[in-house]
Amino acid sequence: MNRNNSGTLLDKSIDETKQGDVFFQEQLAKKESNKHFYIESYGCQMNFSDSEIVASILGEMGYAATKDMHQSDLILINTCSIREKAEDTVRKRLRVFDKVKEQKPGTLVGVLGCMAERLKTKLLEQERLVDLVIGPDAYRSLPQLVADASGGEKGVNVLLSREETYADINPVRLNSNGVTAFISIMRGCNNMCSFCIVPFTRGRERSREPFSIVAEATELFNKGYREVTLLGQNVDSYLWENPETKETVNFAQLLDLTAKIHPDLRVRFSTSHPKDITDEVLHTMASRENICNYIHLPVQSGNSRVLDLMNRTYDRDWYMERVESIYRIIPDCAISSDMIAGFCTETEEEHQDTLSMMEFAKYSMSYMFFYSERPGTLAARKYEDDIPLDIKKRRLNEIIRLQNQISFKHNQNDIGKTFRVLIEGDSKKSDQDFKGRNSQNKMIIFPKSEGLKTGMYCNVKVTDATSATLKGTLVV
Ligand code: SF4
């Protein structure tokens, strides 16, 4: 996983709050708490989930959440380091927080996540007004570090752990629509893709104890949630071993355990790795109606020589065989992907291999970027970032253009089909319409109807489609 969801917690919350942001309503009601924290999150879903762990720890410390950074005593930013642009965004936000701090001395500012882990104490030298630098495995030290910082001492903890999974901490659902939630099942990554900073900022892989995952999903279901997404950098290498009995639980078994909670609880997962995804997982998906028929399977490049330079540990043929197996075992499965354009020494022909891979795999959607060299990665140490920016951009535009064509065709093929949809709330464009997704993770917009509300399932017949969205009518 190195997908970068460009969006702040705040942007999303304003939109989704209108649809009953359970957590913030509760927090706003917590008038008695005289300490408030404000948090923004950037990057992948793991970071958004970590912010929910942080919110839980701060809640235990008596902090209530606020959406108004001027009202807060503690301003936190959970950062991404996957591309240079992600870190530039963080620095711009720190300028905004500086002003708040000048107006309200004593306000603490903390940097969390992958940028904190990558830069460590250097961040304090570069950003004088930052009081806290805390890495993804050190959030339990928040109480001590906040106390130190309140006393004027800078608080830093960037120790990576081989055990930490925060399994005993009940995340506080930030920005929740009360219907869908993410559950992190593991942390870290043992792969060493040469372009990726994640193994350095999130450490070695460790799988969370499965029963705490099933307990969390069950609690969510009992609270009215109807969909959980199991999260990990590489969920296919999930493997938990019982320290006493040495019994193990692999990803397919965890998927099945979660799906057994209730047939009305949808189960999704992200992110898969082509090297590790097994037929056992695919057959488990095919055997359970409530495990959604959608797989995010990053390819990064369609060329074997480039994949080798990326240290992805599979080649073009292996990936194509995995795609064929997915469509053979789950014919109506939707696959999405990640692509990097213009990796070191990539030739025009090798770029064409990525385009032809996209046509072969028929992705429903993808995350697409041009290569951004990250300090400290294998690629930065071994290869020259030699593809000129204009060629990187041209290749990326070709990938995006092709993906839009494939997505449009993929969605057009759905016209006339009826899907079971989980209502997630009002459409952004009109509160006369609902929005919800089908099993293939496609958003469908359809007119509201008496008796239906957020969190319910209904059947929708697709009547129209763009490359991004399906439109439909209710089938009663
Ligand atoms: S090292 Fe590879 S598998 Fe691991 S997070 Fe990075 S891109 Fe994903």
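The values are calculated or read from the model by the stated rules, or taken from the named source; none is laboratory data. Computed from a predicted model, the values in this text were never measured in an experiment. Counting neighbours? That spans all protein chains shown, and the Cβs are built from the backbone with ideal geometry, glycine included. Keep in mind that these areas ignore ligands, DNA and RNA; they rest on the heavy atoms of the full protein, side chains included. Shrake-Rupley method; radii C 1.70, N 1.55, O 1.52, S 1.80 Å.
Please find, among ASP264, ASP256, ASP236, the residue that is of a type in the set (Asp, Glu) and closer than 20 Å to SER337 by Cα.
Only one candidate passes the filter, namely ASP236.
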Practice prompt. Within the range 296-331, track down each residue that is part of a loop (DSSP other than H, G, I, E, B), more than 13 Å from the ligand (Cβ to nearest atom) and open to solvent by less than 10 Å² (accessible area, probe 1.4 Å).
Written response: GLY302, ILE330
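Taking into account only those residues within the range 125-142 that are open to solvent by less than 70 Å² (accessible area, probe 1.4 Å) and modelled with pLDDT under 95, which is nearest to the chain's Cα centre (by Cα)?
GLU127
Against the definition (at pLDDT below 95 and part of a helix (DSSP H, G or I)), how does LYS99 come out, yes or no? Even if it seems obvious, please write down each step before you answer.
On the way: at pLDDT below 95: yes; part of a helix (DSSP H, G or I): yes.
When the stated conditions are applied, LYS99 passes them.
Taking the range 102-124, which residues are in a helix (DSSP H, G or I) and surrounded by 19 or more Cβ atoms within 10 Å (Cβ to Cβ)?
Selection gives CYS114, MET115, ALA116, GLU117, ARG118, LEU119, LEU123.
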Worksheet item: Within the range 453-476, how many residues turn out to be under 27 Å from the mean Cα position of the chain (by Cα) and either over 30 Å from ILE400 (Cα atoms) or not assigned by TED's automatic domain parsing to the domain that holds LYS442 (or both)?
Response: 6
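Counting residues that are modelled with pLDDT under 50, which helices (runs of 4 or more DSSP H) fully inside the range 1-91 reach at least 1? Don't jump to the end; show me each part of the working.
Values: elements: 9-17, 22-29, 45-60.
In the range 1-91, the matching helices (runs of 4 or more DSSP H) lie at 9-17, 22-29.
Which of the residues belonging to the range 143-170 are closer than 19 Å to SER270 by Cα and surrounded by 22 or more Cβ atoms within 10 Å (Cβ to Cβ)?
Within the range 143-170, TYR166 is the sole residue that qualifies.
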Response to the item:
Those residues of the range 228-249 which are surrounded by 19 or more Cβ atoms within 10 Å (Cβ to Cβ), more than 16 Å from the ligand (Cβ to nearest atom) and farther than 30 Å from VAL421 by Cβ amount to TRP240, VAL249
Discussion item. Quick check on the range 443-456: of everything there that is out of contact with any Phe, Trp or Tyr (no Cβ under 8 Å at 6 or more places or on another chain) and of a type in the set (D, E, K, R), which residue is nearest to GLU227 (Cα to Cα)?
Written reply: LYS453
Worksheet, complete the sentence: Quick count over the range 175-227, residues being within 10 Å of the ligand (Cβ to nearest atom) and either in contact (Cβ under 8 Å) with a residue 40 or more places away in the chain or open to solvent by 30 Å² or more (accessible area, probe 1.4 Å) (or both), is 15
